[in-house]
Every structure is written in C-alpha cells, then in structure tokens.
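Here the structure is laid out as structure tokens; the discussion comes afterwards.
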Amino acid sequence: MAEGINPLLSAGKLGGIGAITPSEGSSPTGEVASGFGSMLSGALQEVSALEVAADDEARKVATGQSADLTEAVVASEKAKLAMDFTIEVRNKIVDAYQDLWRMPI
C-alpha cells in the first residue's frame, strides 16, 4: 500500500452508498442520533433508487426500448450488492443489540 494513504478514506463510495463521515459539531446529545438516523435513511433511499433504476433498465430491455443488455445487468448487480450490504449492516446492528441485551447487569 502506498505511504500516506488511509485505506478507510480512500475507499470512497461502495455500491452507490456514500462514505460515512463524522458530522461537524456533533455532541453526545440527540444531535448524533439525529445524524445517524438521517444517514441511515439516506442510505436506504439510495438502495431503493438503485433498485428502481435496475427495474427500469430491465423493463427497457424487455420491451425493446433498449438493446443494451450490459447496462441492465450492471444496474441489477449494483442493486443486488447494495441490498446485500444493507442486509449485512442490519444483521450486525441486530447482533450488537442482542449482545447488549445479554450483557449481565
């Protein structure tokens, strides 16, 4: 790996979902929760948009409006990867919640 490059910052966007960056001026109060909620909502909207785009591309190919099958396949794979990533994030959140629930008092 090249020196001076942070691998976490150089990853950029993955599957249409933007990189997570800390919000400026966030405090340990409700601002962080609001920021997390809006970030999560935005990510889910992006996944939904990718699925709609994949459906549109598939419909265009099926009706003959577009002969570019590769665009339909790429859009479908982007939507699939974004959904798989979303499911894995959800599974990690549920696992973390269950770990907290099982924690002895």
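The values are calculated or read from the model by the stated rules, or taken from the named source; none is laboratory data. Not measured: the values here are computed from a predicted model. So basically every Cβ, Gly included, is an ideal-geometry build from the backbone, and we count neighbours across all protein chains shown.
If we keep just the residues of region 67-105 that are without any contact (Cβ under 8 Å) to a residue 60 or more places away in the chain, small (Gly, Ala, Ser) and in contact with a Leu (Cβ under 9 Å, 6 or more places away or on another chain), which is nearest to ASP56 (Cα to Cα)? Of everything passing the filter in region 67-105, ALA75 is nearest to ASP56 (Cα to Cα). Sort through ALA72, ALA43 and tell me the only one that's of a type in the set (A, V, I, L, M), assigned to a helix (DSSP H, G or I), at pLDDT 90 or above and within 14 Å of the chain's Cα centre (by Cα). From the options ALA72, ALA43, the qualifying one is ALA43.
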